[in-house]
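The values are calculated or read from the model by the stated rules, or taken from the named source; none is laboratory data. In this text the structure is predicted, and so the values were computed from the model without any measurement. Note that each Cβ is placed from the backbone with ideal geometry, even for glycine, and that neighbours are counted across all protein chains shown.
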Amino acid sequence: MTFAATVLTLYPEMFPGPLGVSLAGRALEQGKWSLDAVQIRDFAIDKHRTVDDTPAGGGAGMVLRVDVLAKAIDFARAQFLPDAGREIILSLSKDGGGVLSGVRDVAEDLNVPPHHPADGPPPCAGEERPVIALTPRGKPLTQARVRELAAGPGVILLCGRFEGFDERIFAGRQVEEVSVGDIVLSGGEPAALMLLDACIRLLPGVMGAASSGAEESFENGLLEYPHYTRPQEWEGRTIPEVLRSGDHAKIAEWRKRRSEDDTRLRRPDLWERHSGVRVQSASGAQHEVQDD
Ligand code: ADE
């Protein structure tokens with residue numbers, strides 16, 4: 001099954017970008033995943049192709065219009081509908097954008113040629129792909145969510161610019177809001193690239209046998225242990241002796257301890273969750289740390 005990514009963006013030229021090289025680039029060429037970067041502006045309703053408007057209630061910046069976003073999402077969802085979806089796509093691409101009736105509502109007002117991987121491998125028919133908006137207001141992306149996504153049919157990613165999205169789109173089209181960290185990017189595109197990169201490397205046959213991913217950071221709720229390679233001494237700094245001992249039990253023990261120590265020091269949030277200890281919060285209140 002091909003993992004099908006559709007990215008709704010005002011800057012389709014940003015894709016595949018870094019995902020066109022190395023591991024992800026090779027996997028794209030091999031059809032292990034597909035990418036369709038769709039211009040949101042193509043779904044504008046007016047002749048000026050407007051995608052945004054001023055915020056209700058006033059304030060700085062512009063907000064992406066819910067009606068335009070909805071059309072773009074409906075289009076992306078219709079792409080991979082079993083049978084009917086394929087008919088929509090093929091008919092529209094031949095006509096250069098016509099009006100179809102009787103297939104699905106979304107097709108009726110599409111006035112643009114669709115963007116789709118023209119001769120790519122057949123998409124996963126049947127299973128709905130989740131629609132994810134990249135926004136700093138979203139739920140933090142985790143390796144667990146990445147694993148779930150990578151095991152599914154693909155994703156439809158919605159990238160914002162300006163002040164953000166009209167809030168009504170999230171409930172109106174069942175859109176999940178995801179953040180890639182407590183930082184503010186100039187748009188959702190770099191976050192979409194991050195999310196896709198994290199999924200693609202987990203697809204079957206992409207990483208190869210050498211790296212199962214089982215010992216990586218976050219896989220067991222901890223940071224991974226540190227790595228070393230030759231030379232044994234560099235600028236007076238040496239590789240820990242235990243790693244050269246050949247004693248596999250001792251090495252495993254050392255790695256486990258470093259993984260735990262580093263997590264405790266660098267990521268107390270992860271450590272609390274992992275160890276499930278009762279912790280004293282900054283306010284002084286005691287609370288139980290819960291697993292999700
Ligand atoms: N867009 C802007 N900042 C973002 C963030 N931190 N995560 C996801 N999308 C974003």
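Considering each residue of the stretch 27-40 in turn, at least one proves to be part of a helix (DSSP H, G or I) and within 19 Å of Gly188 (Cα to Cα).
When the stretch 224-247 is filtered for residues that are over 24 Å from Arg267 (Cβ atoms) and in a loop (DSSP other than H, G, I, E, B), the ones remaining, listed by number, are Thr229, Arg230, Pro231, Gln232, Glu235, Gly236, Ile239, Ser245, Gly246, Asp247. Residue check: Ile200 meets all listed conditions (1) within 10 Å of the ligand (Cβ to nearest atom); (2) buried (at least 22 other Cβ atoms within 10 Å of the Cβ) but one, namely (1). Looking only at residues in the stretch 178-189 that are within 16 Å of Pro140 (Cβ to Cβ) and surrounded by fewer than 17 Cβ atoms within 10 Å (Cβ to Cβ), which one is farthest from the ligand (Cβ to nearest atom)? Result: Asp182.
Taking (1) farther than 22 Å from Thr135 by Cβ; (2) in contact with a Leu (Cβ under 8 Å, 6 or more places away or on another chain) in turn, Leu23 satisfies each apart from (2). Would you mind stating whether Asp52 is in contact (Cβ under 8 Å) with a residue 60 or more places away in the chain, charged (D, E, K, R) and touching a Phe, Trp or Tyr at 6+ places or on another chain (Cβ under 6 Å)? Yes, satisfied. Take Leu203 and tell me if it is in contact (Cβ under 8 Å) with a residue 40 or more places away in the chain and of a type in the set (A, V, I, L, M). Answer is yes for this residue. Annotation note: Cβ proximity below 6 Å between a residue of the stretch 131-146 that is not assigned by TED's automatic domain parsing to the domain that holds Gly172 and a residue that is in a strand (DSSP E or B) and more than 9 Å from the ligand (Cβ to nearest atom) (sequence gap 6+ or interchain) occurs for no pair.
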